[in-house]
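One structure is given here, and the rest of the page talks about it.
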Amino acid sequence: MNVYALGDIEPKISPDVAFIADDVIIIGDVEIEEGCTIFPGVVIEGLGTSIKIGKFTNIQSGTMIHGLPDSRTIIGEYNTIGHNCVLHGCTLQDMVTIGIGSIIMGKTTIGRGSLVGAGSLITERKNFPELSLILGHPAKFIKKMDNKAFEDAKKTAELYYEHGLEFKKDLKKII
């Protein structure tokens, strides 16, 4: 991984992360808690604002996480962030699933246990309650899901944690 201080501000990465790929870029005011798995091609830029990534969250390949000067990026625990997403100055509470290719803009909050469908665009200053199914371009609240969504999100995050441990142990570059 490529970890950069920005002036005096250094990223804080738990020694107990599951896996962070070699090409991941982490800059500035970033905190990554235990159990996280961060796959290839992810960029996390804490420039002029802070980014916090909670326990057992997985961030899949190609995702960009950035903040806004007046809006931290907070990613809760047991979240799954799909491939090629953009998270920009938003808050994802615990056990949230973000589908592949979604964009979540600043000052938006996604409630616990919610699911954002693949390819969704969530514009600035939106707030979705817990257990929301959110779809579209621009995205809209579709319905409230049942409590099984919490269990499903946690199981998915735990699965990616296990993948991360496997990668940490057995991934070998061959060329």
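The values are calculated or read from the model by the stated rules, or taken from the named source; none is laboratory data. None of these values were measured; they are calculated from a predicted model. Because the Cβ atoms are built from the backbone with ideal geometry, glycine has one as well, and the counts that use them run over all protein chains shown.
A few remarks follow.
- Condition check for Gly62: of a type outside the set (Lys, Arg), farther than 21 Å from Ser102 by Cβ and in a loop (DSSP other than H, G, I, E, B): no
- When Lys168, Lys154 are checked against the criterion of being touching a residue at least 24 places away in the same chain (Cβ under 8 Å) and either within 15 Å of Leu92 (Cβ to Cβ) or under 16 Å from the mean Cα position of the chain (by Cα) (or both), a single residue qualifies: Lys154.
- Within the range 34-45, the set of residues being buried (at least 18 other Cβ atoms within 10 Å of the Cβ) and either within 12 Å of the chain's Cα centre (by Cα) or at pLDDT below 95 (or both) comprises Cys36, Thr37, Ile38, Phe39, Val42, Ile44.
- When the range 14-48 is filtered for residues that are assigned to a strand (DSSP E or B) and more than 21 Å from Lys173 (Cβ to Cβ), the ones remaining, listed by number, are Ile27, Gly28, Asp29, Val30, Glu31, Ile32, Ile44, Glu45, Gly46, Leu47, Gly48.
- Filtered residue count, the range 96-125, keeping only those that are buried (at least 18 other Cβ atoms within 10 Å of the Cβ) and among the charged types (D, E, K, R): 1
- Residue count for the range 45-58, restricted to those that are within 24 Å of Arg125 (Cα to Cα) and in contact (Cβ under 8 Å) with a residue 24 or more places away in the chain: 6
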